[in-house]
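Notes follow the structure.
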Amino acid sequence: MAITAMFVLGWRGGEPWTAAAFALFFYSRIARSVIRRPVLGPPNANPARRATWFLGVTTAGWLGTGLLAAIAALAGEGAEWWLVAPCFLIVGALQLYVLFSD
């Protein structure tokens, strides 16, 4: 909700995209933590499925953050995003390779 409010109310260049990139990155970390240590249910129930979910959330976090960082750079947020966005996208692509490799 906070990200939506920032997009609607606080539009000044690339700031909302930067905020969204940070939020997505940290939300993916929270989801990874919950997958790694489930709150409900036995912790070792179907470890292969949990590992796949973990990799999927990790991949989505890196690629989504890289995309939002690239949008922030295009919107004029700052030159540092031109350096950060490719790194996030490369790590996301590597995670995607690990997720779908045999």
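Here is the figure for region 37-50: residues that are assigned to a helix (DSSP H, G or I) and loosely packed, with under 13 Cβ neighbours inside 10 Å total 3. What about Trp62, is it in contact (Cβ under 8 Å) with a residue 60 or more places away in the chain, part of a helix (DSSP H, G or I) and closer than 23 Å to Pro16 by Cβ? Criteria not met by Trp62.
No lab work stands behind these numbers, since they all come straight from the coordinates. The model shown is predicted, which means the values in this text are computed figures rather than measured ones. For neighbour counting, all protein chains shown are included, and Cβ atoms are generated from backbone atoms with ideal geometry for every residue, glycine included.
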